[in-house]
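Enquirer: Take a look at the following structure, please.
The values are calculated or read from the model by the stated rules, or taken from the named source; none is laboratory data. Treat the numbers as computed from the prediction; the structure is a model and nothing was measured. Cβ sites come from the backbone with ideal geometry, for glycine too, and all protein chains shown count toward neighbours.
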Amino acid sequence: MPTVEKPTFCRICEPTCGMVATVEDDRLVRIRPDKDHPVTAGFSCPKGLEFLHVQNDEDRVLHPLRRRPDGSFEQVSWETAISEIGARLREIRRRHGGGSIGWYGGNPTAFSHSHALWIGWFLRGLGSRHLYTPNTQDTSSRFVASALLYGSPVVVPVPDLERTDFALLIGTNPLVSRGSLISAGNLRERFTEIVARGGRVVVVDPRRTETARAFEHVGVRPDGDAWLLLAMLHVIFTEGLADEAAIARQSTGVGTLRDAALKCPPDLAEERCGVPAAEIRTLARDFARARTAAAHGRTGACLGRHATLVNLLIDALNLVTGNLDREGGLLFGRGTIDLPRIAHLAGIDTYDTYRSRVGDLPEVIGQLPAPLMAEEIETPGEGQLRALLVSAGNPVLSVPGSNRLERALGQLDLQVGIDLYVNETHRHADYVLPAASFYERDDLVIAALDFHLKPFVQWTEAVVPPRGEARPDWEIIEDLARELGFAALSAPATKLVGTGRFGRLALRALAPAAGRLTPERLVDLLLRTGRDGDWFGLRPGGLSVAKLKENPRGVVLAEHLEAGTLKRHVFHRGRKVRLDGDVVEAELARLLESARPDADYPLLLIGRRDVRSHNSWMHNTPKHRDPERRQYAMVHPKDAADIGLSDGEVVRVSTAKGSIEIPARVTDEVVAGCIAVPHGWGHRDAGWQVANAAGGANVNEVLPADVADLERASGMAHLNGVPVRIEAAALSG
Ligand SMILES: Nc1nc2c(c(=O)[nH]1)N[C@H]1C(S)=C(S)[C@@H](COP(=O)(O)OP(=O)(O)OC[C@H]3O[C@@H](n4cnc5c(=O)[nH]c(N)nc54)[C@H](O)[C@@H]3O)O[C@H]1N2
Ligand SMILES: Nc1nc2c(c(=O)[nH]1)N[C@H]1C(S)=C(S)[C@@H](COP(=O)(O)OP(=O)(O)OC[C@H]3O[C@@H](n4cnc5c(=O)[nH]c(N)nc54)[C@H](O)[C@@H]3O)O[C@H]1N2
Ligand code: SF4
Ligand SMILES: [Mo]
C-alpha cells in the first residue's frame, strides 16, 4: 500500500495544532507538525507527537468489554454490549426514573464536534440532571463570572496578544499548558513579539514557572489573587487612573467594586497576598497607563477559594482601564458559529436555573459539581444516582474526594466507561466500550472557535479507520439512546438554528436527507447559517463543510478579532456589563471577612502541569518509563529545612482528609510556604501498563471535596491554595 500524507490537527489541547499524518496500510505511522498550517505554522509539543504511541498502543481498548463475576473483563460483541446495557438502563429507568441515570464527560469531550452535544441530548432524553464534567475542577468559576458580567456563561473574552502592549497573565503557564481559553499557536512566540515591540509580559504565579522565568514574575501567595486585584483597583481608582468614560459607556454597578477596592489598600493586600505594596502600586500604574493592556487568567485563577471573584476582577481590571473590547485589550470571539447566541436560543446558556439534589449548589451550563457525585450515589431518595456512564474522563484521579468516589462507584447498579483505555475509573466498570481516537474520526472543534486570536476554522476527516472495533463516541451514545427509545437528534437541531428565516431555510435544506443527524450535518448547518456561511447558495463562496474539505488546512476568517462588539456579546438588559449584584456583593464580603492561614496546616498546596502529561493520561508512552518523567512535589528550601527534608527524599503531605507521599524536589522555584504537586497521578491496577508502573500519588485523595468546601457561587472545587502540613516521610512513623 502506498504511503499517504494527510493534513489534520491535534485535539489534545487548545492550540489544536496543524499536523500532517503519515498513513500506511490504514495505520498511522508518523505525525509531524504542519509547517504550512496558516495558524500554528509548524508548532507542536511533545504530547502531540507522543500521541502516535497512544494511537498504536497495545494497551488500548479495542473491543467492548464486560466484567466477569471474578472481576476480570471478557470481550463481547457490540451487539451484546449495547443491548445488555440498554436493558439494564431501561430497568433502572423503570424502577427509579430517568433522573437516576447520570453521565460524567471528561476533558477530551471539549475537543470533539459532537461528544458533549450528544451527551446533553442523551440526558435530556432521560430527563436527568446528573451531568458532570471537569468544569468544577477547571472553569466553572470563569463561566459564572461571565454569567454575572455579561449575562451568559459562555461569553469569555480573550486577550489580544497580537496587539497588546502589556499582557498580565494570572495563574497560567502557557509555555507548558500551551494556553487555555485561548488558541493562538505558539504562545512563546506571541509573548516574545510583545517584548520585541517594547511591551511587557508579567506572570502572576506562586511558582517561578517556565513562563515566569522567560518574562517577568510577580510571586503571589496561593489564593492571594483577589487581594492583589482589589488592591490594583484601589490604586487605579484613588489615583485617577480609571477610564471613567469607558466605565460609564460599558458598565453598570461600578460603585460596588469601587467600595470594595477602597477597603483594600496595597498594604492590607501585601499581608494577604505576599506581594509588596510598592510592587502592587507599580503594577497597577503600569497596567493602567500602558497604551493597551490585557489581563488574562486560567486555572491558577479558577481553583482558589475565591475563584469566581478573581475571574470577575480580572475582567473588571480590563474594563476599568478601558481595555475591554478594544484592540490590544480583551476581545470577544468572532463567532463563525455564534455559540453564545445559539446557546441562548437553545436555552443552554444557563446558570443557577436549578440546584443539585445534595448540597444545593447551582448548575452551570447544565452541569453540576463533580465532587458531589459520591454523595449523589450514597444519598437515598428520588433522583439518587444509580447508573453512571463515564466517557473521556477519569474522575477517580481528577476529582477531589477520589477515595470516597471510588467506594461510591461500587454501589452503582451500573457503571459504563467509554474510553481509549481501562483507566482507574473504568477498572470497576460493568462495561468498557472502545472509543475511536481523534485521528479516527472527522471533526471540527466548535468549542475552540471563539478562542482563536486569529479567527480560523478547520475541518478534518478521519485520517485512519478506528482500530479494532473502536467507534466514535457520538455513535456509541446514539446506539444507547436508541435502546432507550429516544427520538432522533433532530428536535434539538431545530432549536439550535432557531425559527428565523435562515433557520427555516436550513431545516428545509436538511429535510430531504431526513433521518440521522450526523455531526457532519450538524456542523454543516451551523457553518452555513453562520456569519461566514453560504446560506445554502444565497452567498456563493461562503462556508460549508464541503468548502472546508476543499481547504484541508483550514480557512483564516480574519487577521484579528474585532473591537467594538461588546453590545453583541452582553446579554443583560441595556447591553452593559454588570459589575454588581447579590453574588458579587456576597463574594466580596466573604473575601474581606476571610480568615488568615491555619496554624495546623501552615503550607499552601498548588497544582502543576508537566509538558508530557495531560491530566491523568498520556502517561502510557515510552518516555514515562524514565523515572525522571514521574511525579514529584516542589518544596521551598526554607520549608524543607524546617522539617529536615533533603532533595530527592519523600515528603508526606497531609490535609484533614489524609496523607499522600511523593518524592520531593527542593527548589526556590515555588514561593516559601507553597508546595506544588501535579494531579493526574496515582496510577495502579488499570489497563495502562507503563502508567501503572509510573504510579505516583493521587493528590485528589487529600483535597477538600465536601459540600462545604465547594464555592457557593459556582460549585467550584478548591484545588489551589489548599492548607496542608508536610513532614519528611522517612522520619515520621
Ligand atoms: N502539558 C500539559 N498541557 C496541558 C494540560 C496538562 O495536563 N499538561 N492540561 C490542559 C488543561 S485540561 C487545562 S485546563 C490547561 C490549563 O492551563 P493553565 O492554567 O495555563 O495550566 P497550569 O500549568 O496548571 O497553570 C496554572 C498556573 O497557576 C499557578 N497557580 C496555582 N495557584 C495559583 C494561585 O492561587 N494564583 C495564581 N496567580 N497562580 C496560581 C500554577 O503555579 C500554574 O503555574 O492546560 C491544558 N494543557
Ligand atoms: N487537583 C487537581 N485536579 C484537577 C486539576 C488540577 O489542576 N488539580 N485540573 C482539572 C482539569 S483542568 C481537568 S480538564 C480535569 C480532567 O479530568 P478528566 O477529564 O476526568 O480526566 P483526564 O485525565 O483528562 O482523562 C481523559 C480520559 O479520556 C480518554 N480519552 C482521550 N481521548 C478520548 C476520546 O476521544 N474519547 C473517549 N471516549 N475517551 C478519550 C483518556 O484515555 C482518559 O482516560 O482534571 C481536573 N483535576
Ligand atoms: S500543543 Fe501539543 S498537545 Fe496541544 S494541540 Fe498542539 S501538539 Fe497537540
Ligand atoms: Mo482542564
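Enquirer: Conditions first: (1) out of contact with any helix residue (DSSP H, G or I) (no Cβ under 6 Å at 6 or more places or on another chain); (2) within 28 Å of residue 14 (Cα to Cα); (3) small (Gly, Ala, Ser). Residue 417 passes all but one, so which condition is the exception?
Expert: Here residue 417 clears every test but (1).
Enquirer: For the stretch 556-572, give me each residue that is touching a residue at least 40 places away in the same chain (Cβ under 8 Å), in a helix (DSSP H, G or I) and surrounded by fewer than 20 Cβ atoms within 10 Å (Cβ to Cβ).
Expert: 568
Enquirer: Take the stretch 113-158 and flag every residue that is assigned to a loop (DSSP other than H, G, I, E, B) and either surrounded by 24 or more Cβ atoms within 10 Å (Cβ to Cβ) or within 19 Å of the chain's Cα centre (by Cα) (or both).
Expert: 113, 114, 130, 133, 138, 139, 152, 153, 154, 155, 156, 157
Enquirer: Answer yes or no as to whether residue 697 is part of a loop (DSSP other than H, G, I, E, B) and within 16 Å of ligand 2 (Cβ to nearest atom). Break it down into steps so the answer makes sense when it comes.
Expert: Numbers: part of a loop (DSSP other than H, G, I, E, B): yes; within 16 Å of ligand 2 (Cβ to nearest atom): yes.
So residue 697 fits the description; yes.
Enquirer: Ok, one more. Report yes if residue 288 is part of a helix (DSSP H, G or I), touching a His at 6+ places or on another chain (Cβ under 8 Å) and either surrounded by 15 or more Cβ atoms within 10 Å (Cβ to Cβ) or without any contact (Cβ under 8 Å) to a residue 12 or more places away in the chain (or both), otherwise no.
Expert: No.
Enquirer: One residue is enough: does the stretch 93-105 have a residue meeting the conditions within 16 Å of ligand 1 (Cβ to nearest atom), over 30 Å from residue 357 (Cα atoms) and either of a type in the set (Ser, Thr, Tyr) or modelled with pLDDT of 95 or more (or both)?
Expert: For the stretch 93-105, residues within 16 Å of ligand 1 (Cβ to nearest atom), over 30 Å from residue 357 (Cα atoms) and either of a type in the set (Ser, Thr, Tyr) or modelled with pLDDT of 95 or more (or both): absent.
Enquirer: Restricting to the stretch 362-414, count the residues that are at positive phi and out of contact with any helix residue (DSSP H, G or I) (no Cβ under 9 Å at 6 or more places or on another chain).
Expert: 1
Enquirer: Within the stretch 298-317, is even one residue free of Cβ contacts under 8 Å to residues at least 40 places away in the same chain, more than 16 Å from ligand 4 (Cβ to nearest atom) and surrounded by fewer than 24 Cβ atoms within 10 Å (Cβ to Cβ)? Lay out the reasoning, then the answer.
Expert: Residues of the stretch 298-317 that are free of Cβ contacts under 8 Å to residues at least 40 places away in the same chain, as a first pass: none.
Checking the stretch 298-317: not a single residue is free of Cβ contacts under 8 Å to residues at least 40 places away in the same chain, more than 16 Å from ligand 4 (Cβ to nearest atom) and surrounded by fewer than 24 Cβ atoms within 10 Å (Cβ to Cβ).
Enquirer: Taking the stretch 610-669 as the search range and keeping residues that are part of a strand (DSSP E or B) and of a type in the set (Gly, Ala, Ser), which one is nearest to ligand 2 (Cβ to nearest atom)? Quick ask: steps written out before the conclusion?
Expert: Step one: list which residues in the stretch 610-669 are part of a strand (DSSP E or B), which gives 614, 617, 633-635, 650-655, 658-666.
Next cut, of a type in the set (Gly, Ala, Ser) only: 633, 654, 658-659, 664.
Values: 633: 13, 654: 16, 658: 14, 659: 15, 664: 18 Å.
Per the stated criteria, the residue is 633.
Enquirer: Looking at the stretch 594-606, which of the residues that are within 14 Å of ligand 1 (Cβ to nearest atom) and surrounded by fewer than 20 Cβ atoms within 10 Å (Cβ to Cβ) is modelled with the highest pLDDT? So that I can check it myself, show each step before the final result.
Expert: As a first pass, look at the stretch 594-606 and keep what is within 14 Å of ligand 1 (Cβ to nearest atom): 594, 597, 603-606.
Within this subset, residues satisfying the condition of being surrounded by fewer than 20 Cβ atoms within 10 Å (Cβ to Cβ) are 594, 597.
On the way: 594: 89, 597: 73.
It comes out as 594.
Enquirer: Filter the stretch 167-196 for residues that are over 18 Å from the mean Cα position of the chain (by Cα) and over 16 Å from residue 453 (Cβ atoms); which is surrounded by the most Cβ atoms within 10 Å (Cβ to Cβ)?
Expert: The selected residue is 168.
Enquirer: Using the structure shown, decide if residue 198 is assigned to a loop (DSSP other than H, G, I, E, B), under 30 Å from residue 39 (Cα atoms), in contact with a Lys or Arg (Cβ under 9 Å, 6 or more places away or on another chain) and of a type outside the set (Val, Ile, Thr).
Expert: Details: assigned to a loop (DSSP other than H, G, I, E, B): yes; under 30 Å from residue 39 (Cα atoms): yes; in contact with a Lys or Arg (Cβ under 9 Å, 6 or more places away or on another chain): no; of a type outside the set (Val, Ile, Thr): yes.
It is false that residue 198 is assigned to a loop (DSSP other than H, G, I, E, B), under 30 Å from residue 39 (Cα atoms), in contact with a Lys or Arg (Cβ under 9 Å, 6 or more places away or on another chain) and of a type outside the set (Val, Ile, Thr).
Enquirer: Let me spell it out: the conditions are (1) assigned to a helix (DSSP H, G or I); (2) touching a Gly at 6+ places or on another chain (Cβ under 9 Å), and residue 110 meets all of them except one. Which number is the exception?
Expert: (2)
Enquirer: Going by what's in this entry, would residue 226 be described as under 30 Å from residue 473 (Cα atoms), assigned to a helix (DSSP H, G or I) and more than 16 Å from ligand 4 (Cβ to nearest atom)? Full working, then the answer.
Expert: Details: under 30 Å from residue 473 (Cα atoms): no; assigned to a helix (DSSP H, G or I): yes; more than 16 Å from ligand 4 (Cβ to nearest atom): yes.
It is false that residue 226 is under 30 Å from residue 473 (Cα atoms), assigned to a helix (DSSP H, G or I) and more than 16 Å from ligand 4 (Cβ to nearest atom).
Enquirer: Can you give me the number of residues within the stretch 34-69 that are within 16 Å of ligand 1 (Cβ to nearest atom) and either surrounded by fewer than 21 Cβ atoms within 10 Å (Cβ to Cβ) or over 28 Å from residue 415 (Cα atoms) (or both)? Break it down into steps so the answer makes sense when it comes.
Expert: Step one: filter the stretch 34-69 for residues within 16 Å of ligand 1 (Cβ to nearest atom), giving 40, 43-51, 53-54.
Still in the running and either surrounded by fewer than 21 Cβ atoms within 10 Å (Cβ to Cβ) or over 28 Å from residue 415 (Cα atoms) (or both): 40, 43-50, 53.
Count: 10.
Enquirer: Scan the stretch 440-453 for residues that are at pLDDT 95 or above and touching a strand residue (DSSP E or B) at 6+ places or on another chain (Cβ under 6 Å) and report the count.
Expert: Result for the stretch 440-453: 3.
Enquirer: Further question on the same structure: Take residue 410 and tell me if it is more than 14 Å from ligand 2 (Cβ to nearest atom) and without any contact (Cβ under 8 Å) to a residue 24 or more places away in the chain.
Expert: yes
Enquirer: What number of residues in the stretch 173-188 are in contact with an Asp or Glu (Cβ under 8 Å, 6 or more places away or on another chain) and either assigned to a helix (DSSP H, G or I) or within 16 Å of ligand 4 (Cβ to nearest atom) (or both)?
Expert: Here is the first cut: in the stretch 173-188, the ones in contact with an Asp or Glu (Cβ under 8 Å, 6 or more places away or on another chain) are 173, 175-176, 178-184.
Now narrow it down to the ones that are either assigned to a helix (DSSP H, G or I) or within 16 Å of ligand 4 (Cβ to nearest atom) (or both): 173, 175-176, 178-183.
Qualifying residue count for the region: 9.
Enquirer: Quick one: is residue 665 away from ligand 3 (no atom under 16 Å from the Cβ), basic (Lys, Arg) and farther than 22 Å from residue 208 by Cα?
Expert: no
Enquirer: Confirm whether residue 41 is at pLDDT 95 or above, among the small types (Gly, Ala, Ser) and in contact with a Ser or Thr (Cβ under 8 Å, 6 or more places away or on another chain).
Expert: no
Residue by residue, here is whether (1) in contact (Cβ under 8 Å) with a residue 40 or more places away in the chain; (2) closer than 22 Å to residue 280 by Cα; (3) within 16 Å of ligand 3 (Cβ to nearest atom); (4) not aromatic (Phe, Trp, Tyr) holds:
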position: 160; (1), (2), (3), (4): yes, no, no, yes
position: 167; (1), (2), (3), (4): yes, yes, no, yes
position: 175; (1), (2), (3), (4): no, no, yes, yes
position: 195; (1), (2), (3), (4): no, yes, no, yes
position: 200; (1), (2), (3), (4): yes, yes, no, yes
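Enquirer: Residue check, residue 8 against (1) part of a strand (DSSP E or B); (2) under 24 Å from the mean Cα position of the chain (by Cα); (3) without any contact (Cβ under 8 Å) to a residue 60 or more places away in the chain, all met but one. Which one?
Expert: Condition not satisfied by residue 8: (3).
Enquirer: Oh, and also: I'm trying to understand the selection: among the residues of the stretch 257-276, which are in a helix (DSSP H, G or I) and surrounded by fewer than 16 Cβ atoms within 10 Å (Cβ to Cβ)?
Expert: Within the stretch 257-276, 259, 262, 267, 271 qualify.
Enquirer: Quick one: in the stretch 32-59, which of the residues that are in contact (Cβ under 8 Å) with a residue 24 or more places away in the chain, away from ligand 4 (no atom under 16 Å from the Cβ) and not in a loop (DSSP other than H, G, I, E, B) is nearest to residue 181 (Cα to Cα)?
Expert: Ranking the candidates gives 48 first.
Enquirer: Determine which member of the set 72, 141, 100, 128 is in contact (Cβ under 8 Å) with a residue 60 or more places away in the chain, polar (S, T, N, Q) and either more than 16 Å from ligand 4 (Cβ to nearest atom) or over 30 Å from residue 577 (Cβ atoms) (or both). First the steps, then the outcome.
Expert: Details: 72 fails: in contact (Cβ under 8 Å) with a residue 60 or more places away in the chain; 141 fails: either more than 16 Å from ligand 4 (Cβ to nearest atom) or over 30 Å from residue 577 (Cβ atoms) (or both); 128 fails: in contact (Cβ under 8 Å) with a residue 60 or more places away in the chain.
The unique qualifying residue is 100.
Enquirer: As an exercise: evaluate residue 402 against (1) among the polar types (S, T, N, Q); (2) away from ligand 1 (no atom under 16 Å from the Cβ); (3) in contact with a strand residue (DSSP E or B) (Cβ under 9 Å, 6 or more places away or on another chain) and give the number of the one condition it does not meet.
Expert: (3)
Enquirer: Working only within the stretch 83-138, note down all residues that are away from ligand 3 (no atom under 16 Å from the Cβ), under 30 Å from residue 300 (Cα atoms) and polar (S, T, N, Q).
Expert: Passing the criteria: 114, 133, 135, 136, 137.
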